Amino acid sequence: MPQQSSRTGHSGDFPPFQQRHLISIADLQPHEIIDLLDRAEGMIEVSRQERKSLPTLSGKTQINLFFEPSTRTQSSFEIAGKRLGALVVNMSVKTSSVSKGETLVDTAATLNAMRPDVLVVRHSAAGAVELLSQKVGCAVINAGDGAHEHPTQALLDALTIRNHKGTLAGLTVAICGDIANSRVARSNLLLLGALNVRTRVIAPRTLLPAGIENLATEVFTDMEEGLKGADVVMMLRLQHERANGRMIPSVREYYRFYGLDEAKLAHAKPDAIVMHPGPMNRGVEIDPAIADGDRSVITDQVEMGVAVRMAVLDALLPARNEP
Amino acid sequence: MIRPLIIDNARILDPASNTDQTGAVLIEDGRISDLAIGGPAGVPDGAEVINAQGMVLAPGLIDMRVFVGEPGKEYRETLASAGAAAVAGGVTSFVMMPDTTPAVDDGALVDFLIRRAEAQSPARILPAAAITRGLAGKEITEFGLLKEAGAACLSDGSASIQSSALLRSAMTYAANFDMPLVHQLTDASLAGDGVMNEGLFATVLGLKGIPREAETIPLARDLQLAALTRVNYHAAQVSTKGSVDLLATAKSNNSRVSAGISINNLCLNENDIGRYRSFFKLNPPLRSEDDRRAVIDGLRSGAIDTIHSDHDPQDSEVKRQPFAEASYGAIGLETLLAAALRLVHSGDVELMTILRAMTSRPAEILGLETGRIARGAPADLILFDLEYPWQVTEKTFRSRSRNTSFEGARMQGKVMRTLVNGRTVFVHEEDA
């Protein structure tokens, strides 16, 4: 057997993780990011075994509280929790708490009374997960809050890059698309910035938020310019409502100038990898041939997602039992 | 028969007459009957004497922007609770915004509010009447009848009229009755679904931003229409450097233009939002520190005329929400003077300038006889200790709501006594 237990923090390889929650990449020190990535490496091994389980979270209760639908992320957290032996409960809240006449804080109090050990929360409002974390006694993991952050996505992206490139050091990562409305972009910029990875953002000006130049090292509005010499091309999903004639004139024009096709990708390094947080709009932000081609690591990202979420659960819960 | 009252040995600060000297005032029958500047007063037989040594005696504050929940949302605030909060903060008169349920767009409701306020509020309440029916921005209200009923001014409260043609009509008709028109500045389409100042901080928080131009574009329009119609125009509240520049230019040509600012925009900036503190979700939004410095300059130069609390009581149900979903507004009547004194203690603004913006200037704009210390004027006065240290604690608020943007703040300076119409309506009691 490989050193599963040593890779998952129970034999002293990893010092106790000091964070109470995982709300934002901005809360993590660089060594904590590396710690989580290293823990996740061990979890990849666990996930690739025939018997894909560890007893780490045996007896613990994990509630996945999703205020907006996300089959992919919710399933990933569910599998992660179950592989670690937790009792996992999925709660999808289709209508917002406000329309039910209940504040988010009321919801938190109700959930708290159920005595979960960890809450995994997705909400359409930035800051909602932070607010909830202040009102409950258990660990809280941000599974995406509005346009703010999606920290486990950034961790899984970093893990994917590291596995393919061997290291993050010295790489140039280009993030392309709807930067203004993307929590994935924010978390990635914070994480890669913390590890001194060179980042670029590429988007039409209407999809670039104010002050972005202070978060990313370089800002481009020309895709070919921005992709020059990139080691990693990270595409973002374009929400259909952006293509309503206000932010961009049409999907057709967007694809022409900002969709990733062979011609544009040729400007990146020959061994550049292509990433996408999914679900993809093929033919809108990415050419189907690239999405399914050799350079695409999109399915690897899904696998890394489970490993990262196992690592985060593993890191947060034992830490909470510290005296 | 109420005994004459003498407030003696006070530092009398009256912006209307530019007075800053030790002296005494004599109050009889609700009015200031005599003044003794530079020396002690003679004491009439039977007079009550308050020795105000070490205290500042100033006109009672006039707050031009207060929201009250009554009628319709009394659980947030009533006329009585707003009045009690006002006098505790040194506010002896306030303009009540028409954003009630129903909106104050009818003379009968103005009359009701005035009568009820007289019966229940220790502070004078001056109802503003809606510019448009139901605050909907479609049809103007009966300005003449509203004035007859006692409306102090016209305002659509937190709503901003988007149609330039309608606003021109409203200004023209308001000038006809010489009614002050107070207008909120928001280009709704430009503000979009923004919830805080547009900039890096909003980007980091993942919140939609409101650009400064959502304020300066309607202000530029309003100032041109005000010049065209010669209305007594008051920009309800400004928050940006661009607005200060526009006002400075407009005022050089038009003396009937004025502007107010919320104490929040003078004392706080966008960084105070921190990690999504919804008590700092305000309209206009808290701006950058550069804007805050510019509006302080604007206050000093006279481009900005008045300071108000923007007292807007909201219950926990609507405030304990994620930032983007929470309601706008903070209470502020009880902290208005103390917060303004921060600017004095920091050396940013003279005490006289601060007081002028909360006494004589609002009185001039609204045509009131209060807001000054002069023979014959109503005895609406405050005594405050400029140095008194205290900390804002929610539990001591008289307001029915707790959504203060100065939660836990340490203050220097406090109102010790408030008089309305010569009657003491508030006395500070030492914390137990």
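See the values below:
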{"item": "Cα centre as origin, Lys/Arg/Asp/Glu Cβ charges: chain B dipole, Debye", "result": "380 debye"}
{"item": "Chain B: C-alpha gyration tensor shape, a/c 1.5 cut-off, then a/b vs b/c", "result": "prolate"}
{"item": "Label-to-label distance, nm, for residues given as B:Lys395 and B:Asp272 (7 Å Cα→Cβ offset)", "result": "2.4 nm"}
{"item": "Kirkwood hydrodynamic radius of segment B:105-196, Cα pairs, Å", "result": "13.9 Å"}
{"item": "Choice from B:Leu145, B:Leu200, B:Leu190 with maximal GNM fluctuation in chain B (Cα, 10 Å cutoff)", "result": "B:Leu200"}
{"item": "Debye, to nearest 20: dipole size of chain A, +1 on Lys, Arg Cβ, -1 on Asp, Glu Cβ", "result": "600 debye"}
{"item": "R0 of 45 Å, Cβ-Cβ distance A:Glu218-A:Gln18: FRET efficiency to nearest 0.05", "result": "0.85"}
{"item": "For segment B:92-107 versus segment A:250-323, the gap between their alpha-carbon centres in whole angstrom", "result": "55 Å"}
{"item": "Length gained when the stretch A:Arg282-A:Ser75 is fully extended (0.36 nm per residue, less Cα-Cα span)", "result": "72.3 nm"}
{"item": "Mean separation of Cα contacts under 8 Å (6+ apart) over length of segment B:126-249, as relative contact order %", "result": "23 percent"}
{"item": "For segment B:1-80: rounded, prolate or oblate by the Cα gyration tensor [a/c cutoff 1.5]", "result": "prolate"}
{"item": "Cross-link reach list, aspartates and glutamates versus B:Lys414, counting only Cα pairs under 14 Å and skipping chain neighbours closer than eight places", "result": "B:Glu334, B:Asp385, B:Glu387, B:Glu429, B:Glu430, B:Asp431"}
{"item": "Label-point gap, in nm, between B:Glu213 and B:Phe112 - each point 7 angstrom along Cα→Cβ", "result": "4.3 nm"}
{"item": "Net charge of neighbours whose Cβ lies under 15 Å from the Cβ of B:Ile217, counting Lys and Arg as +1 and Asp and Glu as -1", "result": "-3"}
{"item": "FRET efficiency, A:Gln134 to B:Thr424 (Cβ-Cβ, R0 35 Å, nearest 0.05)", "result": "0.25"}
{"item": "Percent of alpha-carbon pairs separated by more than 35 Å within the protein assembly as shown", "result": "54 percent"}
{"item": "Cα gyration tensor shape for segment B:284-432, rounded if a/c is under 1.5, else prolate or oblate", "result": "oblate"}
{"item": "Farthest positive-ward along segment B:1-61 dipole, Cα basis, beta-carbon charges - from B:Gly38, B:Pro4, B:Ile27", "result": "B:Gly38"}
{"item": "Within a Gaussian network of chain B (alpha carbon springs, distance under 10 Å), most fluctuating of B:Leu368, B:Leu223, B:Leu146", "result": "B:Leu368"}
{"item": "Subset of B:Lys281/B:Lys395; B:Lys241/B:Lys281; B:Lys147/B:Lys319; A:Lys135/B:Lys319; A:Lys165/A:Lys264 violating a 25 Å alpha-carbon distance limit", "result": "B:Lys147/B:Lys319"}
{"item": "Per-residue average of Cβ from other chains inside 10 Å of A:29-42", "result": "0"}
{"item": "The protein assembly as shown - share of DSSP beta bridges that are antiparallel (%, nearest 5)", "result": "35 percent"}
{"item": "Under 16 Å from the A:Thr110 label point (7 Å along Cα→beta-carbon), backbone N, segment A:131-165", "result": "A:132, A:136"}
{"item": "Additional length obtainable on full extension of the chain from B:Arg256 to B:Leu228, 0.36 nm per residue less Cα span", "result": "8.9 nm"}
{"item": "Charge context of B:Tyr75, other residues only, Cβ under 12 angstrom, K/R +1, D/E -1", "result": "-2"}
{"item": "Given charges at Cβ of Lys, Arg, Asp, Glu: chain A dipole, positive-most of A:Gln29, A:Asn90, A:Val201", "result": "A:Asn90"}
{"item": "Residue among A:Val219, A:Leu171, A:Ala158 farthest towards the positive dipole end of segment A:137-221, charges placed on Cβ", "result": "A:Leu171"}
{"item": "222 nm mean residue ellipticity, helices alone, for the protein assembly as shown (DSSP H n ≥ 4; -39,500 (n - 2.57); rounded to 500)", "result": "-9500 deg cm²/dmol"}
{"item": "For chain B: relative contact order, % (alpha-carbon pairs under 8 angstrom, 6 or more apart)", "result": "19 percent"}
{"item": "For segment A:119-153 versus segment B:117-191, the gap between their alpha-carbon centres in whole angstrom", "result": "42 Å"}
{"item": "Efficiency of FRET between B:Gln162 and A:Lys165 - r from beta-carbon atoms, R0 56 angstrom, step 0.05", "result": "0.60"}
{"item": "Segment B:335-432, relative contact order [Cα under 8 Å, separation at least 6], %", "result": "27 percent"}
{"item": "Estimated inter-spin distance, A:Arg48 and B:Glu407, nm [label 7 Å along Cα→Cβ]", "result": "4.9 nm"}
{"item": "Those aspartates and glutamates that a straight Cα-Cα span of less than 14 Å connects to B:Lys73, excepting residues fewer than 8 apart in one chain", "result": "B:Asp99, B:Asp312, B:Asp315, B:Glu317"}
{"item": "Length gained when the stretch B:Ala248-B:Ser316 is fully extended (0.36 nm per residue, less Cα-Cα span)", "result": "20.5 nm"}
{"item": "Test item: Cα-centred dipole of the protein assembly as shown, Lys/Arg +1 and Asp/Glu -1 on Cβ, debye", "result": "1040 debye"}
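No value in this document is a laboratory result; all are computed from the given coordinates. What you see is a predicted model; the values in this text were computed from it and never measured. As a convention, Cβ positions derive from the backbone with ideal geometry for all residues, glycine included, and neighbour counts pool all protein chains shown.
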